[in-house]
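Here's the structure we're looking at; comments come further down.
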Amino acid sequence: MMEYEEFLALAKKYIQNRIWVGEDSFNTYKNCVETYKKDHLDVIEQYGLTDSELYVMFMMVTKNYSEIQKQFFLPFSTNAFTKECTSLFDAFLNKIPQSRNAVFYRVDEYQQIGNLDKQPFLYCNHYLTASTSPSIFAMRPNGIKFIINKRLIGNSKAHEVFKIYNALNEYQVNFERNRKFRIDNVDKKDKSVYLTEL
């Protein structure tokens with residue numbers, strides 16, 4: 001992986017400009033990293049996090065997560081920056097705690113519930129985002145509710161991003177890429193899907 005200054009040059013070239021209160025996304029994330037380093041040096045040292053990994057973490061917990069995620073759905077959108085972000089977020093997840101929660105919760109506004117009861121498994125080549133708290137259902141009332149049971153054998157591949165940074169008390173976890181989930185039940189009336197992590 002490249003040095004932070006080299007990564008910043010790549011980010012400046014490629015990152016989508018989504019304005020935040022008069023400041024562009026590139027500088028917003030750069031400033032988030034600097035502020036985080038001042039306030040959470042103990043966390044950085046505990047997990048051995050790099051500035052580049054923190055930068056990508058802030059992208060994933062805020063407005064620019066789709067820049068990283070869309071490459072898994074639209075391969076033509078992959079570029080040098082998104083490839084580097086993928087390597088960095090993989091490394092970040094491997095450093096932070098795996099979740100010991102028994103159940104995870106997700107609201108999905110992209111899937112169609114009618115498609116989910118026709119298949120036995122859900123495959124995710126992207127970083128599936130969920131929460132350790134069912135309060136996410138009240139915070140985001142639209143979409144399909146996913147209730148995900150942790151895998152029965154071995155450790156969950158969900159990592160507790162919220163222990164590093166908890167945006168809006170969503171208790172975010174991210175599953176590693178290329179995960180498979182068994183579809184246990186689809187409740188069309190309640191718009192709920194029950195999964196088990198495999």
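The values are calculated or read from the model by the stated rules, or taken from the named source; none is laboratory data. None of the values given here were measured: they were computed from a predicted structure. With ideal geometry, Cβ positions are generated from the backbone for all residues, glycine too; neighbour counts draw on all protein chains shown. Calculation scope for accessible area: heavy atoms of the full protein, side chains included, ligands and nucleic acids excluded. Shrake-Rupley method; radii C 1.70, N 1.55, O 1.52, S 1.80 Å.
With respect to the conditions (1) open to solvent by 20 Å² or more (accessible area, probe 1.4 Å); (2) touching a Lys or Arg at 6+ places or on another chain (Cβ under 8 Å); (3) hydroxyl-bearing (Ser, Thr, Tyr); (4) closer than 29 Å to LYS13 by Cα, THR78 falls short on a single one, namely (2).
One residue alone among SER66, SER52 is touching a Leu at 6+ places or on another chain (Cβ under 9 Å), closer than 20 Å to GLN16 by Cα and either open to solvent by less than 20 Å² (accessible area, probe 1.4 Å) or not acidic (Asp, Glu) (or both), and that residue is SER52.
Of the residues making up region 161-198, just one is among the hydrophobic types (A, V, I, L, M, F, W, C) and at positive phi, namely LEU168.
Could you list, in sequence order, the residues of region 138-154 that are open to solvent by 40 Å² or more (accessible area, probe 1.4 Å) and either at pLDDT 95 or above or outside any helix (DSSP H, G or I) (or both)?
ARG140, PRO141, ASN142, LYS145, ASN149, LYS150, ARG151, LEU152, ILE153, GLY154
Those strands (runs of 3 or more DSSP E) of region 155-198 in which at least 2 residues are in contact (Cβ under 8 Å) with a residue 24 or more places away in the chain and open to solvent by less than 20 Å² (accessible area, probe 1.4 Å), considering only elements entirely within it, cover 172-175, 192-197. GLU23 meets each of the listed conditions (1) surrounded by fewer than 15 Cβ atoms within 10 Å (Cβ to Cβ); (2) modelled with pLDDT of 95 or more apart from (2).
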